[in-house]
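Some notes on the structure that comes next.
The values are calculated or read from the model by the stated rules, or taken from the named source; none is laboratory data. Just so it is clear, the model here is predicted, and its values are computed rather than measured. Cβ: placed from backbone, ideal geometry, glycine included. Neighbour counts: every protein chain shown. What goes into the accessible areas is simple: the full protein's heavy atoms, side chains included, and nothing from ligands, DNA or RNA. Shrake-Rupley method; radii C 1.70, N 1.55, O 1.52, S 1.80 Å.
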Amino acid sequence: MPVSKREIRQRIWRAMTEAGVGRFPLPLTGRIPNFEGAEAAARRLAELEVWQQARVIKANPDAPQRSVRRRALEEGKLVYMAVPRLRSEKPFIELDPARIRDYHRASTIKGAFALGRPVALDEMQHVDLIVAGSVAVNRAGGRVGKGGGYSDLEFGLGCEAGIIDERTTVVTTVHPLQIVDEVFEWAVHDIPVDLVVTPDEAIETHTTLPRPQGIYWEYLSPEQIERIPVLQRMLGEKRRHLS
């Protein structure tokens, strides 16, 4: 029987804390946990062909993937980071290495806002590779985030805009303690991962889990839609189209 995501999160946060492998920001609870070896995981990811061929990357803004974002910029890749909680009509920050000199600063959240350019979905290029932050993953491609649902929404928005499709590879970098054997609860809007990368190995999941195909409005509350400007606009256009 599938294990609840809440149970998995609590177990992983506790296990990483007890093992002493968590890093700033602390505590790990409630976050995509930063971990010892995050830089090594970024280096291992960069060795893979899927990374080397990617020209445009969408990366989560969390601390454990900072090395991934910096390496992408250093290698001349265009990077998109979501605005926290998608609270802007232009919900992504574009980091163009041709326009940025300080890649170290640009790889931080504050630096990205200072040095990057806010962009709307129709201004974005096709995404070759998504780097997702995870609390837990399994070898079948199941992923558990921190529970906010924003990664799912970002993916759905990208699908709706045509910048994320079957050609887009999804990868996550994690500590080995974040890999579990259990089958998770799964919803239609959940994002499976194609690759799990740790400091020690790269795991091809060959996942058979279905990918989201867009925004699943039936899973969104009016309050959620009200807080996200781009969803308000899309719903308005949807209603006008149907009327």
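Checking residue 197 against (1) more than 15 Å from residue 149 (Cβ to Cβ); (2) open to solvent by 20 Å² or more (accessible area, probe 1.4 Å); (3) touching a Leu at 6+ places or on another chain (Cβ under 7 Å), which single condition isn't satisfied? Evaluating residue 197 over (1) more than 15 Å from residue 149 (Cβ to Cβ); (2) open to solvent by 20 Å² or more (accessible area, probe 1.4 Å); (3) touching a Leu at 6+ places or on another chain (Cβ under 7 Å) leaves (2) as the failure.
Within segment 107-152, restricting attention to residues that are open to solvent by 60 Å² or more (accessible area, probe 1.4 Å) and touching a residue at least 40 places away in the same chain (Cβ under 8 Å), the residue that is farthest from residue 15 (Cα to Cα) is 125. Evaluation of residue 220 against the conditions (1) open to solvent by 50 Å² or more (accessible area, probe 1.4 Å); (2) free of Cβ contacts under 8 Å to residues at least 12 places away in the same chain shows that the sole unmet condition is (1). Across segment 166-176, the qualifying residues are those that are open to solvent by less than 30 Å² (accessible area, probe 1.4 Å) and out of contact with any helix residue (DSSP H, G or I) (no Cβ under 6 Å at 6 or more places or on another chain), and the one among them that is farthest from residue 19 (Cα to Cα) is 168. Can you confirm whether residue 156 is surrounded by fewer than 17 Cβ atoms within 10 Å (Cβ to Cβ), touching a residue at least 60 places away in the same chain (Cβ under 8 Å) and either in contact with a Gly (Cβ under 6 Å, 6 or more places away or on another chain) or under 29 Å from residue 229 (Cβ atoms) (or both)? No; evaluated as a whole, the condition is false for this residue.
In the set 71, 44, 66, which member is of a type in the set (D, E, K, R), touching a Pro at 6+ places or on another chain (Cβ under 8 Å) and touching a residue at least 12 places away in the same chain (Cβ under 8 Å)? Exactly one of 71, 44, 66 is of a type in the set (D, E, K, R), touching a Pro at 6+ places or on another chain (Cβ under 8 Å) and touching a residue at least 12 places away in the same chain (Cβ under 8 Å), namely 44.
Got a sec? Which of 179, 163, 203, 215 is over 25 Å from residue 36 (Cβ atoms), modelled with pLDDT of 95 or more, open to solvent by less than 40 Å² (accessible area, probe 1.4 Å) and not small (Gly, Ala, Ser)? Steps first, answer last, please.
Values: 179 fails: over 25 Å from residue 36 (Cβ atoms); 203 fails: over 25 Å from residue 36 (Cβ atoms); 215 fails: modelled with pLDDT of 95 or more.
Within the list 179, 163, 203, 215, the selection yields 163.
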